[in-house]
Amino acid sequence: MRIVLLGAPGSGKGTQSQRLMQHEHIPQISTGDLLRAAVARGTELGRKAKEAMDGGRLVDDQLVLGMIRERLAEADARRGFILDGFPRNLAQAEALDKLLATLQQPLDAVVQLEVDYGELVRRISGRRTCADCGRVFNVSTSAGKHAEGELCPRTGAPHRLVQRPDDNEATVSERLRVYDEQTRPLVEFYRARGLLRVINAEGQVAEVTRRLEQALHARAAAKAATAKRSTKAKRVANAAKRPAKAKRTAKAKRPAQGKRAAKGKSARRARR
Ligand code: AMP
């Protein structure tokens, strides 16, 4: 399955991608995570991306596209992928379309996670990430507080929770503005291509995962049903053609039989 998760910062794309990755056995590709890793490693890409990220703006399209091209060429992405945080504007969506057409791997679905503005701000301010395993927690919910007490699967010690530098109040409002201006138009872009599914992403994490999987599998089931209907329609059309051909052959033979019969009659008359 090749999926895009679309949604504002704080809508749960990261959390849901991680859960989906375990259920569907396909990798999560988060451009935000890839960029943060590049910043942490101090690579040239990281240095170029850092300023935009700190200000809550989008990183240059060419940098992000180069990164995505490389990531999609890796072996694990051949089984499918969940794109989290990419594409973020129309230019990126069009470039992705072209890239996937070249790879002959078109998208199966785009799911938009819908969350109320106030809830987005609440979630972002409570968001923490384990510096060791990358798991995302929300310390403003009781489930998040409980999970915080569990041990990190990487280190076996308690999770080391850190707040993202761009999860501060000023940057968050800029990120939400950028989402409305540049990313929200993708909803119509994908709706027009028949790929869009919208789900309510508020409520318990597990309940949102259930809605997400239902949306994905309803789409796959509809696709399979359409394919089955078109195969059946082809079979019926072919069957309808066959008797017509047979009739034509039968008609074509009749005059010849008539001639033979007539010949037979005149021969008998001649003998008499
Ligand atoms: P995220 O973790 O998806 O919220 O992304 C964090 C930051 O990384 C964003 O605010 C952008 O500065 C940058 N970023 C992530 N994905 C993209 C993208 N597809 N295009 C441009 N910038 C991105």
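No lab work stands behind these numbers, since they all come straight from the coordinates. Note that the structure is a prediction, hence the values are computed from the model and not measured. No Cβ is skipped: glycine too gets one built from the backbone with ideal geometry, and neighbour counts run over all protein chains shown.
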19 Å Cα-Cα reach of Lys98 towards aspartates and glutamates, excluding residues that sit fewer than 8 places from it in its own chain: Asp60, Asp61, Glu70, Glu74, Asp84, Asp108, Glu188
Relative packing of peptides 183-190, 167-174 - highest average C-beta neighbours within 10 Å first: 183-190, 167-174
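For Ala73 and Glu51, calculate 0.36 nm times their separation in residues minus their Cα-Cα distance, and state this gained length in nm to one decimal.
Values: separation 22, 0.36 × 22 = 7.92 nm, distance 2.75 nm.
Using 0.36 nm per residue and subtracting the Cα-Cα distance, I get 5.2 nm.
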Helix 44-55 vs. the chain, principal-axis angle (Cα, 0 to 90°, nearest 10): 70
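Quick check: from the Cα gyration tensor, does region 167-216 come out rounded (a/c under 1.5), prolate or oblate? Please list the in-between numbers first.
Numbers: a/c = 4.40, a/b = 1.23, b/c = 3.57.
Oblate.
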For the chain: relative contact order, % (alpha-carbon pairs under 8 angstrom, 6 or more apart): 23
Listed peptides 4-12, 128-136, 65-73 by packing density, highest first (mean Cβ within 10 Å): 4-12, 128-136, 65-73
Rough spin-label spacing in nm, given labels placed 7 Å along Cα→Cβ, for Asp132 and Asn168: 2.8
Long-range amide H partners of Val4 with built H, under 5 Å: Leu83, Ala109, Val110, Val111
The chain - charge dipole about Cα centre, Lys and Arg +1 at Cβ, Asp and Glu -1, debye rounded to 20: 5500
